[in-house]
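**Q** First the structure, then my questions, so here it is.
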Amino acid sequence: MTVTVGNPIFDKLGMKYPIVEGGMTWAGTGALAAAVSEAGGLGFIGTGYWHGDDVRREVRRAKELTDKPFGVNVMLMSRHIREVFDVILEEGVKVVATGAGDPSPFLEELHAAGVTVMPVVPSVSLARMMERKGVDAVIAEGMESGGHIGQMTTMAMVPQIVDAVSIPVIAAGGIGDGRGVAAALALGASGVQMGTRFLATPESEVHPNFKQKILKAKDIDTVITGNIAGSRARVLKNKMAKEYIKQEINEIQKPAPDYETVEKLESGTLRRAVQEGDKDGGAFMAGQISGLIHEEQPVAELLAEIWDQATKILNIENTTK
Ligand SMILES: Cc1cc2nc3c(=O)[nH]c(=O)nc-3n(C[C@H](O)[C@H](O)[C@H](O)COP(=O)(O)O)c2cc1C
């Protein structure tokens with residue numbers, strides 16, 4: 001079997017492993033992003049609905065901790081998006097991942113500044129559209145993922161996107177060890193993105209309650225909220241998730257909540273999980289892979305172990321040793 005390990009983008013960024021830490025709002029801090037990049041992966045700072053100043057603070061924290069490139073993940077529907085892009089350009093960030101929208105209005109200026117742009121896509125049609133608009137790679141994220149999700153699974157979607165586009169495809173969703181990485185590369189991805197796995201590391205700054213919930217989770221301990229509001233997110237089961245789903249069912253006849261209600265419901269609850277560890281009221285966004293994670297592991301050790309396992313399965317040389 002031949003697999004493509006890495007891609008020209010990862011080579012340009014000088015990455016040791018074809019492994020990305022997906023941007024995670026509140027949870028993907030500058031410190032975590034720096035730890036992943038420093039260890040040879042590519043870390044992303046998650047920015048969600050943040051103002052430019054918050055983004056600048058985390059970018060500067062990351063720069064203090066590593067000289068290696070790292071990325072910023074932006075939520076295009078944020079109303080602060082212009083100031084976020086201004087900070088990205090002023091601070092010389094090298095890679096941008098985008099979610100919740102079409103990044104093409106910003107592509108020209110980002111490319112002019114040498115920034116690599118990789119949107120997260122949930123389907124073949126969106127992957128094709130992004131390629132036509134000129135992005136550099138796509139992140140094909142399946143609904144096993146933590147956080148906001150589409151409808152397709154990673155296993156079914158990745159090979160279809162690989163067949164449909166000629167830019168690099170990074171597989172995300174449900175990957176937590178070397179077996180998952182090997183599977184994604186076998187499906188034709190040229191790299192992987194993990195989110196949940198990186199939350200259970202000493203470098204992750206999420207509240208200890210969040211880490212404990214991941215470490216204790218079983219395979220079926222996540223649920224999807226926002227099915228009706230149209231903002232589907234995978235979270236670990238708790239009181240908040242149960243009430244959200246109950247409220248959605250009750251409100252099925254009413255019009256979908258407006259932008260501000262959704263922003264308040266989601267941004268606030270995720271922050272309460274990440275920073276306060278609010279067991280009942282927080283949205284503990286985490287993927288189905290939580291059930292595979294049993295211990296906290298330092299980022300550098302985790303990346304080396306995952307890549308060692310993947311290369312053994314694929315029977316390819318581990319050139320990082
Ligand atoms: C707590 C949390 C917050 C997330 N926030 C974002 C986000 O702001 N933007 C984004 O594109 N993806 C976000 N994600 C998705 C991750 O970047 C990544 O694609 C996903 O976690 C991969 O699936 P996994 O959780 O199975 O590893 C988030 C995931 C988690 C767990």
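**Q** Only residues that are more than 7 Å from the ligand (Cβ to nearest atom) and not in a strand (DSSP E or B): list them for the range 162-176, please. Working first, answer last.
**A** Just the residues of the range 162-176 that are more than 7 Å from the ligand (Cβ to nearest atom), to begin with: 162-171.
Answer for the range 162-176, where residues must be more than 7 Å from the ligand (Cβ to nearest atom) and not in a strand (DSSP E or B): VAL162, ASP163, ALA164, VAL165, SER166, ILE167, PRO168.
**Q** Can you pull out every residue in the range 177-225 that is under 23 Å from VAL138 (Cβ atoms), of a type in the set (Val, Ile, Thr) and buried (at least 22 other Cβ atoms within 10 Å of the Cβ)?
**A** If the condition is that a residue be under 23 Å from VAL138 (Cβ atoms), of a type in the set (Val, Ile, Thr) and buried (at least 22 other Cβ atoms within 10 Å of the Cβ), then VAL181, VAL192, THR196 are the ones that fit.
**Q** Answer with yes or no whether ARG61 is charged (D, E, K, R) and over 15 Å from VAL36 (Cβ atoms).
**A** Spelling it out, it is not the case that ARG61 is charged (D, E, K, R) and over 15 Å from VAL36 (Cβ atoms).
**Q** Give the number of residues within the range 47-64 that are hydrophobic (A, V, I, L, M, F, W, C) and in a loop (DSSP other than H, G, I, E, B).
**A** Total satisfying the criteria: 1.
**Q** Looking at the range 137-160, can you tell me whether even one residue there is farther than 22 Å from ARG232 by Cβ, small (Gly, Ala, Ser) and either within 10 Å of the ligand (Cβ to nearest atom) or assigned to a helix (DSSP H, G or I) (or both)?
**A** Among the residues of the range 137-160, not one is farther than 22 Å from ARG232 by Cβ, small (Gly, Ala, Ser) and either within 10 Å of the ligand (Cβ to nearest atom) or assigned to a helix (DSSP H, G or I) (or both), which makes the answer no.
**Q** Could you please find all residues in the range 65-99 being assigned to a strand (DSSP E or B) and open to solvent by less than 10 Å² (accessible area, probe 1.4 Å)?
**A** GLY71, VAL72, VAL74, VAL95, VAL96, ALA97, THR98
**Q** Considering (1) touching a Phe, Trp or Tyr at 6+ places or on another chain (Cβ under 8 Å); (2) within 16 Å of the ligand (Cβ to nearest atom), say which one GLY40 fails and leave the rest.
**A** (2)
**Q** Please report, ordered by residue number, the helices (runs of 4 or more DSSP H) entirely within the range 235-321 with at least 3 residues that are surrounded by fewer than 20 Cβ atoms within 10 Å (Cβ to Cβ), touching a helix residue (DSSP H, G or I) at 6+ places or on another chain (Cβ under 9 Å) and modelled with pLDDT of 90 or more. Break it down into steps so the answer makes sense when it comes.
**A** On the way: elements: 239-250, 259-271, 299-314.
Ranges flagged: 299-314.
**Q** Evaluate the following for GLY46: is it closer than 18 Å to ALA273 by Cα and either away from the ligand (no atom under 12 Å from the Cβ) or open to solvent by 10 Å² or more (accessible area, probe 1.4 Å) (or both)? Break it down stepwise before answering.
**A** Values: closer than 18 Å to ALA273 by Cα: yes; either away from the ligand (no atom under 12 Å from the Cβ) or open to solvent by 10 Å² or more (accessible area, probe 1.4 Å) (or both): no.
No; evaluated as a whole, the condition is false for this residue.
**Q** Something else: What are the pairs, 6+ residues apart or on separate chains, where a residue within the range 96-109 that is within 14 Å of ASP86 (Cβ to Cβ) has its Cβ under 6 Å from a residue that is at pLDDT 95 or above and assigned to a loop (DSSP other than H, G, I, E, B)?
**A** These pairs meet every condition: VAL96/VAL115.
**Q** Let me ask another. Considering only residues of the range 281-314 that are in contact (Cβ under 8 Å) with a residue 12 or more places away in the chain and of a type in the set (D, E, K, R), which is farthest from THR25 (Cα to Cα)?
**A** Only one residue tops the list, namely LYS312.
**Q** If you go through the range 100-121 one residue at a time, how many are part of a helix (DSSP H, G or I) and out of contact with any Phe, Trp or Tyr (no Cβ under 7 Å at 6 or more places or on another chain)?
**A** Of the residues in the range 100-121, 8 are part of a helix (DSSP H, G or I) and out of contact with any Phe, Trp or Tyr (no Cβ under 7 Å at 6 or more places or on another chain).
The values are calculated or read from the model by the stated rules, or taken from the named source; none is laboratory data. Since this is a predicted model, take the numbers as computed values, not measurements. With ideal geometry, Cβ positions are generated from the backbone for all residues, glycine too; neighbour counts draw on all protein chains shown. These accessible areas exclude ligands, DNA and RNA; they are computed on the full protein's heavy atoms, side chains included. Shrake-Rupley method; radii C 1.70, N 1.55, O 1.52, S 1.80 Å.
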